[in-house]
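For reference, the structure discussed in these notes is given below.
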Number of protein chains: 2
Amino acid sequence: MSLRGWGDPAQAAPLPESLQRLLRDVLDVDDRRRVPGLRSPVRLAPVRLDRRVALELAGIVGADGVHGDDEARLRHAVGRSTPDLLALRGPKPIAAPDLVLAPDSHDQVMTVLERCSARRVAVVPFGGGTSVVGGVEPDAGAYSGVVALDLARLNALEQLDEESRLATLGPGLRGPEAEWLLADRGYTIGHFPQSFEYATLGGFAATRSSGQASAGYGRFDEQVMALRVATPVGTLELGRAPRSAAGPDLRQLILGSEGAFGVITSLTLAVRPAPATRVYDGWRFPTFADGTRALRVLAQDGPRPTVLRLSDEVETALTLARPGVSGGANGGSAPAGCLAIVGFEGEVDAVGRRRSRVTDVLAAHHAEPVAGAGDSWSEGRYRAPYLRDALLDAGALVETLETACFWSSLHELRAAVTTALRDALINEDPPTPPVILCHVSHVYAAGASLYFTVAAAQSADPIAQWRRAQAAAGAAIAAVGGTITHHHGVGRDHVPWYQREIGELGVTALRSVKRTLDPAGILNPGVLLSAENLHTDLRGSR
Amino acid sequence: MSLRGWGDPAQAAPLPESLQRLLRDVLDVDDRRRVPGLRSPVRLAPVRLDRRVALELAGIVGADGVHGDDEARLRHAVGRSTPDLLALRGPKPIAAPDLVLAPDSHDQVMTVLERCSARRVAVVPFGGGTSVVGGVEPDAGAYSGVVALDLARLNALEQLDEESRLATLGPGLRGPEAEWLLADRGYTIGHFPQSFEYATLGGFAATRSSGQASAGYGRFDEQVMALRVATPVGTLELGRAPRSAAGPDLRQLILGSEGAFGVITSLTLAVRPAPATRVYDGWRFPTFADGTRALRVLAQDGPRPTVLRLSDEVETALTLARPGVSGGANGGSAPAGCLAIVGFEGEVDAVGRRRSRVTDVLAAHHAEPVAGAGDSWSEGRYRAPYLRDALLDAGALVETLETACFWSSLHELRAAVTTALRDALINEDPPTPPVILCHVSHVYAAGASLYFTVAAAQSADPIAQWRRAQAAAGAAIAAVGGTITHHHGVGRDHVPWYQREIGELGVTALRSVKRTLDPAGILNPGVLLSAENLHTDLRGSR
């Protein structure tokens, strides 16, 4: 992973002409605002951890598992949100973990947690470092130091139960590593979020990730059948059957816990036979309302495609204007309509049957095929973060946020978030009127997610600029009654809105679990639950 | 509900000849062992609750919502497990709640919980009273009394969101009541467990119920999109979208909590259009292994029928020997094979397509159609509890238990439970060798459930006899690594095995949640968590 941007530095690309035009003609990003390139080197905040404690912790994982150099600290310092990337481009020193520990067994994780609890050292579980919500920022606060617990060495395919279609895997496996291991045996997990190339299985589970093929394969949390979890006070072994009535499903207490309750050291996932074929079609709806109606029919009555997403008019116009996409008649004033990507993976015959029936539904909702758009989406499906880097370097502010709600609120939610983002950015001084793109990225029988991309000129303090826009969007989501995040997670960025969403009592219940599993409060302090009052009690809790 | 048996007393039926033969020729149940009929009236343990407290509580719900007579107390005293039914037939006085309160609003529930917390009165949330695991027994213990909180008056269809296919319903609605309300609008919940006619929506949610049509409609917990929950310290409002990444899914902390964490006062459920047609087919596999292979293929690769169950050889022989089922060539020594019920509900065309493809899969696994068996199953699907009453009256011990595991352990689990039950009952003095029936009742891609029915002659103390057999089965389930319950719930009966299943740390985590939401420990004491050490702490919890 690039030290200050996304992914493989060799894959960084110049901005396509269409985006250069957008910057110049629409967002009014000019040379005045252009960021003067990356300063070198990034400055890190000084190490706080006592040297003797560092040696004690290093002894647990052995020489191969310890990294204290600045590059390792920097690599574990931040995720990949736009504020993260802006911070890496900015002048302020970056708060980095004091030490990176990479245990190679569950027992080593247990020992690290026990020792860090005794020494009051905060522990940030670290997978791919791709959080876009502040999920891995070291929050030294009241602690004697911060350790990043890199799970990369827990990377085995421990077991494959072909009869039950279950794979037991290490949490440190990145998406492609896990897929390669399983492909050798003829299987796939089928989890392909935009972060796929860098994010890890443990991270997918801890953040309730959802991939681009969720319509076909389901969410990642739905694929988790069993978990082994290391906590400072013991091990949890959860999951003995696909489903059970034995009390509340405790797997669900760990899924979404973002490293605050324990460290996932092993996952047993539902896998499927690797698909024989993959087909991605592009379709154009006259309006967003037509498109969402069609998506709803497919989600409720089936058949479900494997990939199903729908861009709004603005996103469609930008997408189809990009080079490499044929069928984009967007040079003139003709409305682009709304582009849907409809993908199918599976056995050849089954894909043929599903595709034919889906085509009938799409056509009944006035959609027309867009030649090449599906393949183009497939080729570029992991590329957007590279574009963001180039846009940030060019002086644009670009960030995404997402939410979900029931179908009956979807249009209201989209309008409210769009208005909130636009108003917030127009009210900057000087105004930075944005371009706002939206797409439906995940569908369910009862509702869907909305994914927004916002682009504007950077103000003098672009991090503060984005925080204001983000807060406005959060307030709009709360007002309409959507969830503050459908698949990015809460991290540190969404804590206030998250706490409003689950209510005071929900927060108190989670705090009681946290106190039980992590009595010293060392695990990823500040995610999910605000760190400052970690040990204060609300009524009823003691 | 019959005061001392199942369901509508008018529907009680004499034992069919085939079961009379089973009792006489196989189980050796003779007149010596015949229970002398129901004693009348049932004796209840005395009321303990202070009269002033009773009046105070009565004042909350008003005259229409208070019942203190013996019949009301008896109706809320026990569930419908075999030990419950044996207790109702036995000489010992029954522990009954002191008072039955039927609030008609969320606010009344809140006030009851608050007052009972202040007065240390235990509260047992009560739906249909159909628990078969000791889910509603009043556990007075250290409390000043026990109140049954009957939710029958929370029975409204509060809202129907047709676009999102969501119905918001009161927890006190019995299965048929909810279906009637929705049928008026063209929808169904599709949840049809054997207890359907009497159990309530709140009970389905609190116990993670699974119905006979789970292959098509899913489990009940999967249909719950939002919950309102009253606790002694406040209200939880959970669920803003079909799925979310906003922390752990707190809905899952209430689902399966069996009334120990709060009282569900409103549920928002995914509903579907009422099916235009329903077809239930019977198929016979040569062996149980053939049948489970076919079920696994359907669960993993589809298409899924709506109903899918497979009886083992013994259950098949008994089923096909019953009058009214044609195709049963079981008079002689010809092996009956294994009967599968394969049902389809939905639009006529879709049912036709699915049925045709499922037929191909079944035939490829050597199954042959059994004329009439599907319809016969459908007609009798809610009748088994009536048969149990007649068998108990005739001197047989009859009870069921169920478990689930991943596919690769299914045959091992079935053998282990069967052996454990048989050994336990043969080792009674005098021996009571059992007949053990088993069927697969619910299938998933990763595994399936097993449902056992055990019949033996009653010993002198049939409750203790069953507890010994049940404990042996629990030990076998734990040893193989199955879950102690797939859909009946934990109640009081399974607490020891449940605690082993989730481990000491899992228990401690649940206790911390319990202490937060129910600091006085009044809610259904003794379910899920053993009551005796409710307020003791394990390491790490404070």
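The values are calculated or read from the model by the stated rules, or taken from the named source; none is laboratory data. Computed from a predicted model, the values in this text were never measured in an experiment. FYI the Cβ positions are ideal-geometry reconstructions off the backbone, even for glycines, and counts take in every protein chain you see.
For the stretch B:446-461, the criterion of being more than 30 Å from A:P232 (Cβ to Cβ) and touching a Phe, Trp or Tyr at 6+ places or on another chain (Cβ under 6 Å) is met by at least one residue. For the stretch B:206-244, a tally of residues being within 21 Å of B:A509 (Cα to Cα) and of a type in the set (G, A, S) returns 3. For the stretch A:271-297, the set of residues classified as under 17 Å from A:D312 (Cα atoms) and polar (S, T, N, Q) consists of A:T287, A:T292, listed by residue number.
Table: residues versus (1) more than 14 Å from chain A (Cβ to nearest Cβ); (2) surrounded by 24 or more Cβ atoms within 10 Å (Cβ to Cβ); (3) small (G, A, S).
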residue: B:D161; (1), (2), (3): no, no, no
residue: B:A167; (1), (2), (3): no, yes, yes
residue: B:G170; (1), (2), (3): yes, yes, yes
residue: B:G175; (1), (2), (3): yes, yes, yes
residue: B:R185; (1), (2), (3): yes, no, no
residue: B:L201; (1), (2), (3): yes, yes, no
residue: B:R208; (1), (2), (3): no, yes, no
residue: B:S214; (1), (2), (3): no, yes, yes
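May I ask you to verify whether B:L157 is surrounded by 22 or more Cβ atoms within 10 Å (Cβ to Cβ) and in contact with a helix residue (DSSP H, G or I) (Cβ under 9 Å, 6 or more places away or on another chain)? No.
From A:I463, A:I477, A:I522, A:I502, grab the single residue that is β-branched (V, I, T), under 30 Å from A:L22 (Cα atoms) and buried (at least 21 other Cβ atoms within 10 Å of the Cβ). The unique qualifying residue is A:I477. Of all residues in the stretch A:253-264, those that are part of a strand (DSSP E or B) have Cβ atoms under 6 Å from Cβ atoms of residues that are among the hydrophobic types (A, V, I, L, M, F, W, C) and at pLDDT 95 or above, 6 or more apart or on another chain, in A:V263/A:V109; A:V263/A:A230; A:I264/A:A205; A:I264/A:L227; A:I264/A:V229.
Going through the stretch B:243-253 one residue at a time, which ones are closer than 13 Å to A:G247 by Cα and either surrounded by fewer than 24 Cβ atoms within 10 Å (Cβ to Cβ) or modelled with pLDDT under 95 (or both)? Steps first, please.
At the first step, the residues of the stretch B:243-253 found to be closer than 13 Å to A:G247 by Cα are B:251-253.
Matches in the stretch B:243-253: B:R251, B:Q252.
The residues listed here are A:A424, A:A448; of these, the one that is closer than 15 Å to B:A241 by Cβ and either within 14 Å of chain B (Cβ to nearest Cβ) or in contact (Cβ under 8 Å) with a residue 40 or more places away in the chain (or both) is A:A448.
B:F126 meets the conditions (1) touching an Asp or Glu at 6+ places or on another chain (Cβ under 6 Å); (2) surrounded by fewer than 24 Cβ atoms within 10 Å (Cβ to Cβ) in every case but one. The failed one is (2). Only one of these is within 30 Å of A:G302 (Cβ to Cβ), modelled with pLDDT of 95 or more and polar (S, T, N, Q): A:T453, A:T432. Name it. Just a single option satisfies the conditions, and that option is A:T453. Residues in the stretch A:452-504 that are aromatic (F, W, Y) and farther than 26 Å from A:A396 by Cα: A:W497, A:Y498.
Would it be correct to say that A:A178 is assigned to a helix (DSSP H, G or I) and in contact with a strand residue (DSSP E or B) (Cβ under 8 Å, 6 or more places away or on another chain)? First the steps, then the outcome.
Numbers: assigned to a helix (DSSP H, G or I): yes; in contact with a strand residue (DSSP E or B) (Cβ under 8 Å, 6 or more places away or on another chain): yes.
When the stated conditions are applied, A:A178 passes them.
Counting the residues of the stretch B:55-108 that are surrounded by fewer than 19 Cβ atoms within 10 Å (Cβ to Cβ) and hydroxyl-bearing (S, T, Y) gives 1.
For the stretch A:468-510, residues that are touching a residue at least 40 places away in the same chain (Cβ under 8 Å), facing chain B (nearest Cβ under 10 Å) and hydrophobic (A, V, I, L, M, F, W, C) total 4.
Here B:A531 clears all of (1) more than 9 Å from chain A (Cβ to nearest Cβ); (2) modelled with pLDDT of 95 or more except the condition numbered (2). Just one of the listed residues (A:E368, A:E347, A:E412, A:E379) is surrounded by fewer than 16 Cβ atoms within 10 Å (Cβ to Cβ) and in contact with a Cys (Cβ under 9 Å, 6 or more places away or on another chain), namely A:E412. Residues that are of a type in the set (K, R) and either at pLDDT below 95 or outside the structural domain of B:V136 (by TED's automatic domain parsing) (or both) were ranked within the stretch B:73-112; the one that is nearest to the chain's Cα centre (by Cα) is B:R89.
Find the residue count for the stretch B:141-175, including only residues that are of a type in the set (S, T, Y) and out of contact with any strand residue (DSSP E or B) (no Cβ under 7 Å at 6 or more places or on another chain). Explain how you work it out, then say what you get.
First, the residues of the stretch B:141-175 that are of a type in the set (S, T, Y): B:143-144, B:164, B:168.
Filter once more, keeping what is out of contact with any strand residue (DSSP E or B) (no Cβ under 7 Å at 6 or more places or on another chain): B:144.
Result for the stretch B:141-175: 1.
Can you pull out every residue in the stretch B:511-525 that is at negative phi, under 26 Å from the mean Cα position of the chain (by Cα) and more than 7 Å from chain A (Cβ to nearest Cβ)? Passing the criteria: B:R511, B:K514, B:D518, B:I522, B:L523, B:P525. A single entry from A:G282, A:G291, A:G262 fulfils the requirement of being closer than 20 Å to A:V233 by Cα and buried (at least 24 other Cβ atoms within 10 Å of the Cβ): A:G262. Within the stretch A:232-253, the set of residues being over 17 Å from A:E158 (Cβ atoms) and more than 7 Å from every other protein chain (Cβ to nearest Cβ) comprises A:P232, A:R251. Looking at the structure I just gave you, is B:A12 of a type in the set (A, V, I, L, M, F, W, C) and either within 17 Å of B:D389 (Cα to Cα) or surrounded by 15 or more Cβ atoms within 10 Å (Cβ to Cβ) (or both)? Yes; evaluated as a whole, the condition is true for this residue. The helices (runs of 4 or more DSSP H) falling completely within the stretch B:50-116 that include 3 or more residues that are touching a helix residue (DSSP H, G or I) at 6+ places or on another chain (Cβ under 8 Å) and closer than 27 Å to B:R4 by Cα map to B:82-89.
For the stretch B:426-460, give me each residue that is of a type outside the set (G, A, S) and over 24 Å from the mean Cα position of the chain (by Cα).
So in the stretch B:426-460, the residues of a type outside the set (G, A, S) come out as B:426-440, B:442-444, B:450-454, B:458.
Hits for the stretch B:426-460 are B:I426, B:N427, B:E428, B:D429, B:P430, B:P431, B:T432, B:P433.
Checked against (1) farther than 27 Å from B:A520 by Cα; (2) more than 7 Å from chain A (Cβ to nearest Cβ), B:A260 passes all but a single condition, namely (1).
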